[in-house]
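A quick write-up on the structure given underneath.
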Amino acid sequence: MIGQGILETLYMTFASVAAAYIMGIPIGILAEVTRKGGIRPVPALNGVLGFIINIGRSIPFIILLVAVMPITRAVAGTTIGPKAATVPLIIAATPFVARMVESSLREVDAGVIEAARAMGANTLQIIYKVLLPEALPSLIMGASLTTITLVGYTAMAGAVGGRGLGDIALRFGYYRYEADVMIVTIILLVIMVQIIQSLGHFISKKIDKRGKGEN
């Protein structure tokens with residue numbers, strides 16, 4: 001049972017992270033590029049993107065789980081199980097990813113961007129050859145934080161039939177007062193978070209050119 005719960009939690013977490021990044025990265029790039037002072041300012045579009053991202057990040061996940069059940073049923077064919085849980089997880093994670101990407105890109109030194117412009121780079125070249133490579137260490141750390149956040153969200157998804165470790169903790173640890181099951185699930189979730197955080201930090205440090213330059 002615990003083994004199945006681990007697999008379901010990992011499936012929900014990484015499937016939703018992958019989908020959220022596929023959708024969130026373009027939104028985050030667009031939000032950074034079109035802001036006032038960005039490489040291609042479009043205030044109206046940036047305002048709309050900012051509003052959508054802020055709304056998405058403002059809704060508590062447990063409420064979002066219930067609110068999007070009609071969408072979940074339409075997409076997954078059911079509202080129960082790991083496959084169904086990935087739908088609200090993706091919806092919750094996408095604006096979070098978009099904001100993380102926007103923040104990471106904003107950290108890139110303006111001088112590097114100006115140097116690329118001086119060499120005749122166009123907007124797409126600046127994005128793909130300057131912004132993204134320079135922001136990669138920060139993007140990796142952001143991905144680690146996003147994944148950790150979604151591990152916590154999967155536990156909440158267990159409250160409405162999402163299964164995984166959260167469901168086991170609720171059904172056995174809480175409703176049946178089996179404290180040992182609750183403790184085991186907590187320990188497993190903590191271990192998952194620590195592994196993800198350590199891996200993200202390790203990869204980010206390895207690819208950080210600035211850190212290597214200082215050494």
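The values are calculated or read from the model by the stated rules, or taken from the named source; none is laboratory data. Since this is a predicted model, take the numbers as computed values, not measurements. When we count neighbours, we look across all protein chains shown, and the Cβ atoms used for this are built from the backbone with ideal geometry, even at glycine. Surface areas here come from the heavy atoms of the whole protein model, side chains and all, with no ligands, DNA or RNA. Shrake-Rupley method; radii C 1.70, N 1.55, O 1.52, S 1.80 Å.
Here the spin labels are modelled as points 7 Å beyond Cα on the Cα-Cβ line, and at Thr123 and Ile187 they lie 5.4 nm apart.
For the range 5-114, the set of trypsin sites (Lys or Arg not before Pro) satisfying both a DSSP loop assignment and a count of at most 13 other C-beta atoms within 10 Å is given as Lys36. Computed over the chain with a Gaussian network model linking Cα atoms closer than 10 Å, the most mobile of Asn122, Asn54, Asn46 is Asn122.
The distance linking the range 108-133 with the range 85-100 is 28 Å (Cα centroid to Cα centroid, whole angstrom). The heavy atoms of Lys129 offer some 150 square angstrom of accessible surface to a 1.4 angstrom probe. Placing pseudo-labels 7 Å out from each Cα toward the beta carbon at Ile52 and Met69 gives an inter-label distance of 2.7 nm. Note on the chain: with a GNM built from Cα contacts shorter than 10 Å, the maximum mean-square fluctuation among Thr34, Thr13, Thr154 falls on Thr34. A 1.4 Å probe, protein heavy atoms only, puts the accessible area of Phe96 near 50 Å².
Taking label points 7 Å from Cα along the Cα-to-Cβ direction, Tyr174 and Ile62 give a separation of 0.7 nm. A Förster radius of 41 Å, combined with the Cβ-Cβ distance separating Ala110 from Gln194, puts the computed FRET efficiency at roughly 0.70.
Put simply, the convex hull of the Cα atoms in the range 1-107 casts, on average, a shadow of 7.7 nm². For the residues Leu145, Leu49, Leu124, a GNM of the chain with alpha-carbon springs under 10 Å puts the largest fluctuation on Leu124.
The phi-based Karplus calculation (6.51 cos²θ - 1.76 cosθ + 1.60; θ = phi - 60°) puts the 3J(HN,Hα) values of the range 126-132 at 5, 5, 8, 10, 10, 4, 5 Hz, whole numbers, x for Gly and Pro. With all protein chains in place and a 1.4 Å probe, the accessible surface of the chain carries 68 percent carbon and sulfur. Note that the range 12-53, at 25 °C in a medium of 0.890 mPa s, gets a Stokes-Einstein diffusion coefficient of 224 µm²/s from its Kirkwood radius over C-alpha pairs. Think of a 1.4 Å ball rolled over the protein heavy atoms: the range 111-175 then has 46 Å² of accessible area per residue. Treating the Cα atoms of the range 90-215 as identical point scatterers in vacuum, please give the log10 of the normalised Debye intensity I(q)/I(0) at q = 0.22 Å⁻¹, two decimals. Here log10 of I(q) over I(0) equals -1.20. Rounded to whole Å, give me the distance from the Cα center of the range 1-57 to that of the range 135-204. The range 1-57 and the range 135-204 have Cα centres separated by 20 Å.
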